[in-house]
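Report on one structure; see the data block that follows.
Throughout, read-outs are computed from the coordinates displayed, never taken from laboratory work. Just so it is clear, the model here is predicted, and its values are computed rather than measured. Ideal geometry is used to build each Cβ from the backbone, glycine not excepted, and the neighbour counts take in all protein chains shown.
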Amino acid sequence: MENRSQWGTRVGFLLAAMGSAIGLGNIWRFPATAYESGGGAFIVPYLFALLTAGIPLLIMEYTIGHRYRGSAPKSFATINKKMEWIGWWQVLVAFVISTYYAVIIAWALMYAYYSIGLTWGSDPTAFFVGDFLKLADPGQLGGLVPKVLIPLVIVWAVVLGTLSRGVKKGIEVANKIFIPSLVVLFLIIVVRAVTLPGAMNGLNSFFEPDWSRIMDAEVWIAAYGQIFFSLSIAFAIMVTYASYLPRKSDITNNAFITGFANSSFEILAGIGVFSAVGFMAFQYDTTVAGLAAEKGVGGIGLAFMVFPEIISQIPGIPGLFGLLFFASLVLAGFSSLISISETYVAAVSEKFNISRQKSVVFGGGVAAILSLLYATRGGLNILDTVDHFINSYGVALAGLVEVVAVAWFAKELKALQQHANSSSDVMLAGWWRFCLGVITPIVLGFQMVQNLTSELA
Ligand code: PHE
Ligand code: NA
């Protein structure tokens, strides 16, 4: 059984794990969440969530994968037969996410191309919801083909091609290219953004602490939610990736490195995004708060409607900033999509004893076909609904069930702690078990209740 694929190097594993973590969540979710949840004051609940839930859970998932050497369903099943479905559920959530994540990357790919000619014209909003999402040339035969089809095919070809080459030659090599390139591109963007007129105003609005929010339960929930999504926790990913680690690996240290790298990238993204928003406020002679209230500073709206407007107005080579921005989205997206898709590729190939290639064709093929659903006219609404449902319930519930099952039901934390400690120079102690057995279940349980009641209200 020891012919299981392995990472070639420790750096390879770390880049892949960071690649999964660093994604759209860092670029368009963190800045908006922080801004709306107390600005600079958000750092307190955020760091608290990182240290009491994010990193402890990351250590737990890494240890489970490393110890039981299987995809999520197999690793959970090894802990206890009754827990196999937890892994499948996470794999299913990952599968669903992959179907729309691919479409978003395909849009970013198109927008990188459109940046060159600033094709969205003077009204990017109308371009996105009107022209761009439409099928090409309605009325003719080509009207049946969504515009996003070709980029979508490219996205799946890259992702599935990477996965079929395996862990070391595929996933590791891709991340060794994508992640350093992403960091370089993004640094250029941030340097350009902070030197724009109005940038300092944007940064002041972003970092200005609103301490009155700090006792707000919602702000704390937002912090934990951001950390979970951002670290790709409870998506079967980190268990799968850690299952390819060689026997002698410092799990605990790796988790700290992944966690801090991801957070650094989030703060960097906050600086870039809010400098750009400050610039736009300056252009329109308005305040950052006014602009944020009117246009929103996160999500699909930020990337495909607000940013094109900003890009069109930036002095210098027309569209260059846009090209860099959308290329970053593409790189960040690819490395995350590879990790999400690997969860089902690994799980299916293990469960049914088929080759990785067959599993890629089968699992990836079905995901690719389903992603066409979002490429249609009504696709944006489907995407919104699915995304909302997955984020509110799929993830929090999967995380809750996972910690409760491992910590309480299987009483597995002591064994995992010993396992992690046996090859690390950072020793886990009782606080680690307390975070997982007590703090995380309380927070996630509370979050579930909150989501449900706000839904019913
Ligand atoms: N962690 C990624 C991000 O911050 C998102 C992601 C979620 C990736 C789920 C894979 C799976 O964007
Ligand atoms: Na992230």
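Once the principal axes of the Cα atoms of the chain are found, what is the range along each, listed largest first in whole angstroms?
The Cα atoms of the chain stretch 59, 56, 45 Å along the principal axes, largest first.
Take the alpha carbon atoms of the stretch 43-114, find their center, do the same for the stretch 198-242, and report the distance between the two centers in whole angstrom.
17
Hey, what did the stretch 14-152 get for relative contact order, percent, Cα under 8 Å, at least 6 apart? Could the numbers behind the result be given before it?
On the way: 68 pairs, mean separation 16.1, N = 139.
The normalised contact order for the stretch 14-152 reaches 12 percent.
Going by average Cβ neighbours within 10 Å, how do the peptides 433-445, 180-192 rank, with the highest at the top?
433-445, 180-192
Counting residues in the stretch 221-278 as N, plug N into 2.2 N^0.38 Å and put the Cα Rg over that result. Display every interim value, and only then the final one.
Working: Rg = 14.5 Å, N = 58, 2.2 N^0.38 = 10.3 Å.
Cα Rg divided by the expected 2.2 N^0.38 Å: 1.41.
Say the dipole of the stretch 171-259 comes from +1 at the beta carbon of Lys and Arg and -1 at that of Asp and Glu; which of 254, 171, 209 then lies farthest toward its positive end?
Sorting the options by dipole projection puts first 171.
For 68, 241, which order do you get if you count the other beta carbons within 10 Å of each Cβ and list the fewest first?
Working: 68 19, 241 27.
With the fewest neighbours first, 68, 241 line up as 68, 241.
Mind checking the full-extension length gain between residue 425 and residue 216? Use 0.36 nm per residue of separation minus the Cα-Cα distance, one decimal, nm.
Working: separation 209, 0.36 × 209 = 75.24 nm, distance 3.72 nm.
Here the segment from residue 425 to residue 216 would lengthen by 71.5 nm.
Stretched out fully, how many nm does the piece from residue 382 to residue 456 gain, at 0.36 nm a residue minus the Cα gap? The partial results should precede the final answer.
Working: separation 74, 0.36 × 74 = 26.64 nm, distance 2.06 nm.
Stretched out fully, the residue 382 to residue 456 stretch lengthens by 24.6 nm.
Going through the cross-link list 81/168; 82/176; 176/248; 81/169; 82/169; 147/168, which pairs have a Cα-Cα distance over 28 Å in this structure?
Pairs exceeding 28 Å: 81/168; 82/176; 81/169; 82/169; 147/168.
Might you report the magnitude of the Cβ-based charge dipole of the chain about its Cα centre, with Lys and Arg at +1 and Asp and Glu at -1, to the nearest 20 debye?
On the way: 26 positive and 25 negative charges, 376 e Å.
Approximately 1800 debye in magnitude.
Only counting other Cβ atoms within 10 Å, I'd like 349, 341 sorted with the fewest neighbours first. Working shown, then result.
Numbers: 349 19, 341 29.
In order of increasing Cβ crowding within 10 Å: 349, 341.
How far is it, in nm, from the label point at residue 184 to the one at residue 369 when both lie 7 Å from their Cα along the line to the Cβ?
4.0
Could you order the peptides 291-304, 262-275 from most to least packed, using the average number of other C-beta atoms within 10 Å per residue?
Values: 291-304: 18.4, 262-275: 23.1.
Going by the mean number of other Cβ atoms within 10 Å, highest first, we get 262-275, 291-304.
Report, ordered by chain and residue number, the aspartates and glutamates lying within cross-link reach of residue 351, taken as a straight Cα distance under 13 Å and ignoring same-chain residues fewer than 8 apart.
Qualifying aspartates and glutamates at Cα under 13 Å: 84.
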